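Asker: One structure, as structure tokens, below. Some questions next.
Computed from the coordinates by the stated procedures, all read-outs in this text should not be read as laboratory data. Everything quoted here is computed from the prediction, not taken from an experiment. A quick note on method: Cβ atoms are made from the backbone with ideal geometry, for glycine too, and the neighbour counts reach across all protein chains shown.
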Amino acid sequence: MWLHHVRRGSGKPLLLVPGLGGTWQSWDLILDALAREREVIAVDLPGFGATPPLTGEVSIATLTDAVEAFIDEQGLAGIDTVGSSMGGQMVLELARRGVGGTIVALAPGGFWRPGQQRVLGISLRASVKLVRALQPALPLLTGNPVTRTLLLAQLSARPWALPRELVLRELRGYATAPSFDDALDALVAGPPQRGAPAGSTPGAVVIGWGRQDRVTFPSEAANATMLFPGARLHWFDHCGHFPHWDAPAETIRLILAGTA
């Protein structure tokens, strides 16, 4: 499976899998620092960025199939893998399947209780509808820290501090990615993530969670660690749904130490 990707740095390979609507550039705040220590391979998932959509069903399983095929075709067996949000769920699924090496899952999806899942689906679809309606004004709105904060309040604990270019690119992706709606349905209406017994994954499992996460709620961490009992849980204080945005230095340390 061909996935558009970039490679930077040298050393032991490290694969980065973005979340819903994101691309390889979602990792901009930590990519260069990671590449000083590792060969970083950051991908666009099918139907996002420069990767064509899947020809069949779009689900967490089929998107994960595509990443698994990419790992195989690129000769990356045993690669350490980092995922965010939907990508976090996907790297946990890779670990459950026995694919890759150590994984770091940042705010992974798939662990909501039914009520939480319904509320999230409603709120995310409403947010996406608003962002799409505001597309012509997004350059202006993302340039102002106040309106940038209003637009990203669900995703970040400190959106006023995020680079305008990053925010604008991400919000445009929510409107233009051809697989966004199908992947959103798969994320918030699909089956829950299955777990893996302790010792059954090919490498260590590290799960990072923001204490101010308004998408994958902090209470879900208990379910994640119950289903992956061998996992190490790391809490990010003063952090929302994307630790690599709100706490980039801490995220870099977690990834490098967790996959060392």
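Asker: Over the Cα atoms of the stretch 117-236, how large are the radius of gyration and the largest Cα-Cα distance (Dmax), in Å?
Answerer: My reading of the Cα-based Rg and Dmax gives 16.8, 50 Å.
Asker: Moving on. Just name one of I252, I79, V167: the one whose Cα is farthest towards the positive end of the charge dipole of the chain (beta-carbon charges, Lys/Arg +1, Asp/Glu -1).
Answerer: Positive-most Cα among the choices belongs to V167.
Asker: List the residues, sorted by chain then number, that are 5 or more residues from K12 or on another chain and whose placed amide H is less than 5 Å from its amide H.
Answerer: Residues meeting the amide H criterion: E39.
Asker: Using only alpha-carbon positions, what ratio does the radius of gyration of the chain give when scaled by 2.2 N^0.38 Å? Write out the running numbers ahead of the final one.
Answerer: Numbers: Rg = 16.8 Å, N = 260, 2.2 N^0.38 = 18.2 Å.
Cα Rg divided by the expected 2.2 N^0.38 Å: 0.92.
Asker: Enumerate the calculated ³J(HN,Hα) couplings along the stretch 142-150 in order (Karplus 6.51 cos²θ - 1.76 cosθ + 1.60, θ = phi - 60°), each rounded to whole Hz, writing x wherever the residue is Gly or Pro.
Answerer: 6, x, 9, x, 5, 6, 4, 5, 5
Asker: Could you list which residues have their amide H under 5 Å from that of D213, counting only those 5 or more apart in sequence or on another chain, with H placed in the peptide plane?
Answerer: none
Asker: Right, here's the next one. What is the helix-to-structure angle for 114-133, meaning the angle in degrees between its Cα long axis and the longest Cα principal axis of the chain, kept from 0 to 90 and rounded to the nearest 10?
Answerer: For 114-133 against the chain, the angle is about 50 degrees.
Asker: In whole angstrom, note down how far apart the Cα centers of the stretch 7-24 and the stretch 151-188 are.
Answerer: For the stretch 7-24 versus the stretch 151-188, the Cα centre distance is 18 Å.
Asker: Treat every Asp and Glu Cβ in the stretch 1-118 as -1 and every Lys and Arg Cβ as +1, leave all other atoms uncharged, and give the resulting dipole magnitude about the Cα centre to the nearest 20 debye. Walk me through the numbers on the way to the answer.
Answerer: Numbers: 9 positive and 12 negative charges, 68 e Å.
Computed about the Cα centre, the dipole is about 320 debye.
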